[in-house]
Structures are given as C-alpha cells and as structure tokens.
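Presented below is the structure to which this report refers.
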Amino acid sequence: MSIAASPGQERALHDLTHPAYRPDIDGLRALAVMLVVIYHAFPTWLPGGFIGVDIFFVISGYLISSIIFKSLANEQFSFADFYMRRIRRIFPALFLVLAACYAFGWNTLPAPEYQQLGKHIAAGAAFVANFALWSESGYFDSEAFGKPLLHLWSLGIEEQFYIVWPLLLFAIWRLPGKRLMALTIVALALSFATNLGSIERDLVAAFYSPLARFWELLAGAVLAGVALRQGPRFIDPGCRQGNLRALAGALLLLAGVCLISDGDRFPGWWALLPTSGAVLLIAAGPKAWLNRHLLSAPPVVWIGLISFPLYLWHWPLLAFLRTTVSPEPGTGPLLAAVLLAIILAALTYRLVEKPIRSSRRGKTLAAGLLVLVALIGFLGYNAYRRAGLQFRSIAKATELPAYDWSKGYRYGRCFLSGEAGSSPVFAEECAAVDGSSRPLVMVWGDSHSASLYPGVAALAEQHGYRVAQYSTSGCPPVLDFPVDRRPDCVRMNAETFARIPALRPDLVLLVGHWSIYDGKDGGAPLTDELLAASIDRLKASGVQRIVLVGHLPTFKGGKPSIARNFFIAGKRDRSSVGFNDWIRPHDERIRALAKRTGIGYFSPLDLLCNEQGCLISTLPDRFVPLAWDSSHLTAEGSAFLIRQAVEAGQLSLPEAR
C-alpha cells in the first residue's frame, strides 16, 4: 500500500481516489453558507440558520470519507497526499483571515479584547478553537460578537475529524476481515449517544466537543460507504426515488430552519433534522429535479465554490462592525458587511485558492502555507501571552485599571458559585453578627447582588447598620426555583432563607439579573408567581421591609467596549451605544410585581439612564467606570448607585437606634 505519491502520480491518484464532481453538492454548500451568513447578520430573519454548519459537517464527512474509502479500496492511500491536499484547501483562506483580524485588531481593539483575539488566532491556527471557546464558557464570558473568530469552532471540529478518522480507517483496513461500514456505524452511534448525554449534563460541551459532533460527519461517512458499495447506482438511483429523497431532504432542512432556534437544546435530537436532510439531498444524486435545477444552477454553484472563504470572512466583518462601530448596526451597514464578505471571498477563491490548488508545486506550497499559518498562530499567542500588547496606541487610549471583582464581591466567602459539583458554603462573616443591636441590611441574590454589596457596605458606617451578604452566581433570590446548570441554587437559597429567623434583618434587598431567567437557555422560566411566593414567605418569617431592586443597565460587550463607548461619545459620562433595550420589559415586570405585593422597589434604570443614554462613568470629565463588564458594578459604581437611590428617595436605609 502506498504511503506517499510522487508528483507525476498526482493526477492519476486524484482520478482513482476522488469522487466525480457534483455541482449539486456545491449548491448544497451554498445553501449552508447562506443560512449561516443570514443568521449571523439578521438573527430574527432566520432563527434556525445556524444549522448550516451541520449541513457542512455532513458534506465534509461524505467527501473526505469518499476519498479515503476509494483510496483504500484502490490501495493508493497516501497520508502525505491527503494532508497536503487539506493544507492547500484550507490554509490559504485561513491565513488571510487570521492575518487580517490580527492587523485590524492591532489598530482598533483595547488590550483585553486584543489579548482574547490573540488567543483565538492561536487556537484557530492550531485548529483547537472549539476547545478554547469551550474553556471560556462561564458566568462572566463575553458576548459572541466580541469574538471575531468565534466561528472557527466548526473548523476545529472538522480538522480534528480529519486527523482521527484517516488514522482509524487506515489501521482497520490493514486488519483481516475489515468492516469499514460496521466501524463507521458504531462510531456514529457512540458519538450520537455522547451528544445526547452531553445535552443533559452540559450544553456547552454538547456544542463544542468533537466527540459530541463527530456523528454528523460520520453520517456523511456512512453515505460514502453506501456509495462505494453501490457504485453508479448511488449516483443515479432513478428518477422517482431520487426526487423523493431530494424532496424529503429539502423538507427536513426547511423544518430545521423553521422549528429550531438558538433557545433550543442543540444539537441533541434537533440536529437530526439538518443532518438527515443533507444526507438525503446528497443521496438523491445529481439527476434529481431539485438537485439538477436548483442546487446545480450556476449562480448557486458559484456561491458554493466560494463558500469556505465566505464562511471565514463573514463573521469577523460582522463582529468588528458590531464592536467598533455599533453593537446594533442598521440593516444598511449589515448588508454592506455581507456584500464585502462575498467580494473578499470571491477574490480569495479566484486569486489565492484556485492558483494554489492547481499548482504543480504542491509540496512546496503546502510547506510554505504550514509555515505561514504557524507564524500567524505564534503572533496571536504572543499577543495573548503579553496581555494584548499594551504598547499599541489604541490600548493606551482605552487603558483602564484592573478591577478585582472577586475581592469587592467577597467571592468564595459571601459570593459563591452555584455550578454543579461546587457544593459551596457561606462563611460566618456573611451574617455580619457582631453582638451589637445595630440594624441589619441583608443583600440576597445572584451576581448582581454581589455587585451591589460594596455600595450598601460603603454607607454602613455613616448610617450605623450592618450588612449581611448572601450571593450565589446565577441564582436569583427565589425559593424552590431550579436554574439550569446551577443545580445548587435551590439548596443555597433554602439555606439563606433558613438563616433569616436568627438574623432578623431590618431590610432585605432582593437583587437579580432578572432578564437571564426567561427560560431561553432551555431551563424553566422565572415566573411572577414564584417570586411573589418567596416574598410572601419572607413576610411570614417576620421581615418587615423588603425592597426589590430592578434591573441594572446592561450593555453589549465588556469593560473595554464600555471604555470605547466613553471615547466614542466624546468623553461624555453617558452612552446609548450598545445598551440592551430588551431588559426594560423585565424591569417593568419587576416594578409591577413589587407594587402588587406591597414591597419597596428602586430602579437603577431610572436613576442611571435618561433619553441621552445610561451612565458609564461616575464622573463626567474622567472615566471612572460604573461597571466593569456588561452589567456588573465596580465598587465606585455600586456606591454611586446606592447614594443616588438614597438621595432620590427610592431607597431608605435603616439608622442606628
């Protein structure tokens, strides 16, 4: 069996080992990439557009496995040829996009954002972006549009498949009694089972783990195995059968686009819709009416030919538009970004990809591309390791002092994690028991309550009260309310409530990041009835004064984005750039609930925002951040808000008796 091919054998090997070109598969690529691009540019237009990635997985699994199966069957498989072709196919566009992101970010991104970009460039160059993004998923993770290379997670999964799958098949092929189809089906079943199990335990793992995603590529591999067995019959299954397969596949894809949204537990069972749809459309053959007339139409095929560079270019353009211009650009700028992505993709395909792929200097070009991608990966890692290269002019202009939220919020003592397996216990100091008869203010809730604690504590000496703090990450102050991915919430809130009879607080502040408990992450939504029931139980336990705190102002993006907003706004202390308007209905709901239950209420939105925007700095002429990320307050911001609430008469703090 051949392990390497000479240059003179390359064309003959290609004919022996590669499936015949099918324009309808390029048409299917076009459908996949346009679904993704439209979804990323206009999410409300096509809520299920992200299933385009799943279509790509099936196509890749089918084509790559077809090449490997035919190569093995003809005893012409060459690792050198296989990986050299992958390098020439993938590396040119990837290098251009990584280099462009590095250069654009150099001139536009503050140090923390550039540090993150550097990490993602390095991860993208090493094809481990899915693992890097998986590791970043957490409570204070930045939003998707703040990650210009977020989309490389799927490329990472494909490349990991290209590493594992050929090695496994080559090893099995050399064994007596080889059963490639049996191996493929077993691998698919195991990966699909991992996907279902991960959905129940960890949604992020289900999305980014290659073990939970390989089954989609393996679905294409099974199809390739069937094609190898059936030969010409697979390409031409007959008019009636081909049309039925194509129609069924198209309907499944349509169902996926219409029924699936980013609020569903995906991939899971839902991913069967796009995966099965793509399998059926490929299995329909190029002569099926839909494949022949729609997917093989020249304009559609052209989009398919540029689909890979288009996929790579579109997200960085949209992400940089949203981070450097406006988090909510209008339809015009978004369409312009999409058009620019298509132009760049066409130029990349015509001027870079085609010449490299058709060149006879395959080994030399592959080696050069390998060096270039390794170089840009090293530059990205250097930016990450050196904290975003703070000597850059934009980094100096937006430089902010580091904020140690863990110290101010008393993390690990009075602000605990509610994640699985953490089993946290509040420290004794959280109760603020000192033997005195001074009044007690109790702050209870999620991370927003932790961010309010420094402000309440700042006025404690002046008013002569004590402050008890019971904050749990991702857990609103609601009894018997289970939060997805925060299994300790029910226990932590029950233990907090059990302390109240002994503490006898004079005032309880209920604080939450209310908008995130709407059930869109797959968990149960927080209802007014549940919150009202908790308020009634607090009253029954003897608490005389309860104040429900409304929603904190929330911006799209973290602290660097807020700093940039300050400079964009001409160093004014208010900004509307990136403000999340969708929190207002949640705030109004909390306000109405407080009124209905007869308890106090104060509104951070009323105090910090007006028609010109929301405060982002506590001072008008010098940037003293109100918040250190999208919504969590700094110590200065927390103290500023509590003082404003007291002065406006929205919050009455107890005085020492």
remark   = Beyond 32 Å (Cα-Cα) in this structure, taken from 520/595; 70/147; 119/354; 147/595; 354/520; 147/520, we find 70/147; 147/595; 354/520
ask   = What is the range 191-324's relative contact order, in percent, from Cα pairs under 8 angstrom and six or more apart in sequence?
value = 25 percent
task = Quick one: which residues, 5 or more positions from residue 467 or on another chain, have an amide H under 5 Å from its amide H? H modelled 1.01 Å from N in the peptide plane, none for Pro or chain starts.
result = 441
key: the chain, helix-only ellipticity at 222 nm - DSSP H runs n ≥ 4, -39,500 (n - 2.57), divided by all residues, nearest 500   = -18000 deg cm²/dmol
ask   = Just the C-alpha atoms of the range 19-397: what Rg/Rh do they give, with Rh taken as the Kirkwood radius?
value = 0.96
message = Quick test of the membrane-span-like rule: which DSSP H helices of the chain reach at least 30 Å along their long axis (C-alpha atoms) with mean Kyte hydropathy at least -1.0?
response = 52-73, 79-108, 152-173, 180-201, 362-385
Over the range 19-397, relative contact order from alpha-carbon pairs under 8 Å, at least 6 apart, % = 33 percent
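Out of the DSSP beta bridges found with both residues in the chain, what percent are antiparallel (nearest 5)?
The antiparallel fraction comes to roughly 30 percent.
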query = Can you pull the percent of Cα pairs in the chain with separation above 51 Å?
reply = 21 percent
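Any read-out appearing in this document is the output of simple, stated calculations on the displayed coordinates, not a laboratory observation. Bear in mind the structure is a predicted one, so any value in this text is a computation, not a measurement.
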